[in-house]
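Presented below is the structure to which this report refers.
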Amino acid sequence: MQGHGYGGTPALRYRYRVAGCVLLVAHLLAVGWLALRPLTAPWVTAAHLEPFASLRADLALGPWEAVRAIGSGVLPLAPLGVLLPWARGRVAASSLGSLTRTVFTAAMISLGLQVVQSGVLGQVLDVDALLLDVTGVALTHLAVVPAVRARLRRKGDGERPAARLPEEAPQGLTPTIPRVRIAP
């Protein structure tokens with residue numbers, strides 16, 4: 001029997017992984033629907049391609065407006081920091097590798113949303129939105145995933161190993177038939 005490093009039956013682990021995938025798809029559908037709705041605006045600015053330009057403009061509005069504007073940029077994709085590793089279903093994964101995969105995947109999802117969103121009426125491409133999305137995912141991943149994985153590993157170490165079948169004793173040399181020769 002192969003040990004997987006954390007508790008639960010294989011069926012239970014499969015259910016957790018499926019639940020993670022379902023929640024991931026539901027979250028991506030909700031974010032896509034919210035991000036790709038057309039906005040009614042009398043005018044639309046040009047694309048924001050200079051990094052940190054819209055962040056500086058948000059900070060110039062005052063502390064509360066800056067927190068609201070930056071928070072609304074960080075929060076939409078932040079759950080991906082937990083949902084992407086959950087959907088992958090590995091407890092004994094490298095922390096740096098998991099963070100790298102999660103941030104890269106979130107960056108590609110955010111970039112895809114930004115590109116598609118630029119074709120929607122009233123929406124513009126914003127590099128700072130991409131940076132805020134990736135920052136939210138990275139912070140969420142760093143805050144939650146290593147602690148949860150460590151807890152699951154500790155929980156799995158405390159369980160008794162499953163009963164194993166006794167290994168068969170060696171039977172000796174394999175019998176040979178004297179009339180059969182070895183092939184040339």
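The values are calculated or read from the model by the stated rules, or taken from the named source; none is laboratory data. It should be emphasised that the depicted structure is a prediction, and the values quoted were computed from it without experimental measurement. Cβ: placed from backbone, ideal geometry, glycine included. Neighbour counts: every protein chain shown. For accessibility, only protein heavy atoms count, side chains too; no ligands or nucleic acids. Shrake-Rupley method; radii C 1.70, N 1.55, O 1.52, S 1.80 Å.
Things to note:
- A Förster distance of 35 Å, applied to the separation of the beta-carbon atoms of Lys155 and Leu75, puts the FRET efficiency at 0.70.
- Three principal axis extents of the range 57-130 based on alpha-carbon atoms, in descending order, are 44, 31, 15 Å.
- Farthest positive-ward along the range 1-133 dipole, Cα basis, beta-carbon charges - from Leu121, Ser94, Leu131: Ser94
- Between Leu139 and Leu39, the modelled label-to-label distance comes to 2.1 nm, taking each label 7 Å out from Cα in the direction of the beta carbon.
- Derived scalar couplings ³J(HN,Hα) [the range 133-147; Karplus, 6.51 cos²θ - 1.76 cosθ + 1.60; whole Hz; x for Gly, Pro]: 4, 5, 5, x, 5, 5, 5, 5, 4, 5, 7, 10, 5, x, 5
- Where the range 92-150 is the region considered: accessible area per residue in Å², 1.4 Å probe: 47
- Highest mean first, the peptides 136-145, 15-24, 61-70 sorted by other C-beta atoms within 10 Å per residue fall in the order 136-145, 15-24, 61-70.
- Inter-label distance, nm, simple model (7 Å from Cα along the C-beta direction), Arg13/Ala92: 0.9
- Both radii were evaluated on the Cα set of the range 1-129; the Rg over Rh quotient, with Rh as the Kirkwood radius, amounts to 1.09.
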